[in-house]
Amino acid sequence: MRYEVTQRREHGETSFCLRYRHFFKCYVLQAVLQMAVDDFLISRNPANGIKNLPDLAHRKNVYLTYEQVEKVAQAADDYHLRLQRGRYGFVIYLAAYMGLRRSESATLRPDDVELKDRRVRIRAAVSKNGREQSVGYPEFMHEQFRAISLKAEPEGLLIPDLAETKNQESWLLSVRKKAGLAESFVFQDLRHSAASFAVSAGASVKVVQNMLGHSSAAMTLDVYSDLFETDVDDVAQRINDRRETALNDRPTGGHRAVNDRG
């Protein structure tokens, strides 16, 4: 180890870089062990006790607009136009409007779709938190769900080749470029957008947690604190507005002011 450090310093790597490399390895270890905890492979994360680690800047969440989601969906359809007409734009919808991970979309089967209730089942085997969940879908997606379910084999997948790893990176690069998005755009941004759409529609933390399949509401608040902070900022005004509406609508003469003498 000493020889390795000496060699790196001889090549111009500073002590700061060496410390940062060490800290980064610690964070990776913590993350890997936490995944093992989340998958119920171990009961606790022994790396959580590591102290004096600097804060690493987290990537800021990217939230797409409805218009941007449509551009991404169209770009995805164009990329797979001949082989999977309409299906890859649908994958974008699954992520942006329902919060599904790519792995969850890739394993959907016809019997996971409940057309009557407009809901989709995520099996425990593929859910990141290890629990089965049911996610509702917007009405505009209903016909696509019905058509894709009818075309799929009874025991097959809704989107057969989505699980294949080949060309996944080139697919995303092509879609991103065609949709005119920044180079920093990643598939996870579609899930972030789903959270943003849900919160703006009035969803609570618990609803967003269930939709995204987070293990706890605390995790949802941690990831999307910026969304709910906006909600907190104007809650006082909403209380004020609703109070005025309620008091203006009540029958007159039913309230007596209370003075200091009771």
Residues (surrounded by 20 or more Cβ atoms within 10 Å (Cβ to Cβ), at pLDDT below 90 and of a type in the set (A, V, I, L, M, F, W, C)) located in the range 76-116 = ALA76
Search result, residues across the range 36-71 that are within 20 Å of the chain's Cα centre (by Cα), of a type outside the set (Val, Ile, Thr), modelled with pLDDT of 75 or more and surrounded by 13 or more Cβ atoms within 10 Å (Cβ to Cβ) = ASN61, TYR63, LEU64, GLN68, GLU70, LYS71
inquiry  = Restricting to the range 91-105, name every residue that is of a type outside the set (Asp, Glu) and either part of a helix (DSSP H, G or I) or more than 20 Å from the chain's Cα centre (by Cα) (or both).
reply    = VAL91, ILE92, TYR93, LEU94, ALA95, ALA96, TYR97, MET98, ARG102, SER103, SER105
remark   = Residue pairs qualifying under the 7 Å Cβ cut-off, at least six apart or on distinct chains, with the first in the range 158-175 being under 16 Å from VAL186 (Cβ atoms) and the second being at pLDDT 80 or above and of a type outside the set (Asp, Glu), are LEU172/PHE187; VAL175/VAL72; VAL175/ALA75; VAL175/ALA76
inquiry  = Could you tell me how many of the residues in the range 220-259 are loosely packed, with under 14 Cβ neighbours inside 10 Å, assigned to a helix (DSSP H, G or I) and modelled with pLDDT of 70 or more?
reply    = 19
request  = Would you check which residues across the range 197-219 are closer than 20 Å to VAL120 by Cβ and open to solvent by less than 60 Å² (accessible area, probe 1.4 Å) and list them?
outcome  = PHE197, ALA198, ALA203, VAL208, GLN209, MET211, LEU212, GLY213, HIS214
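The values are calculated or read from the model by the stated rules, or taken from the named source; none is laboratory data. Everything numeric here is computed off the predicted structure, so don't read it as measured data. We place every Cβ from the backbone using ideal geometry, glycine too, and count neighbours over all the protein chains shown. Just the protein is used for accessible areas: all its heavy atoms, side chains included, with ligands, DNA and RNA removed. Shrake-Rupley method; radii C 1.70, N 1.55, O 1.52, S 1.80 Å.
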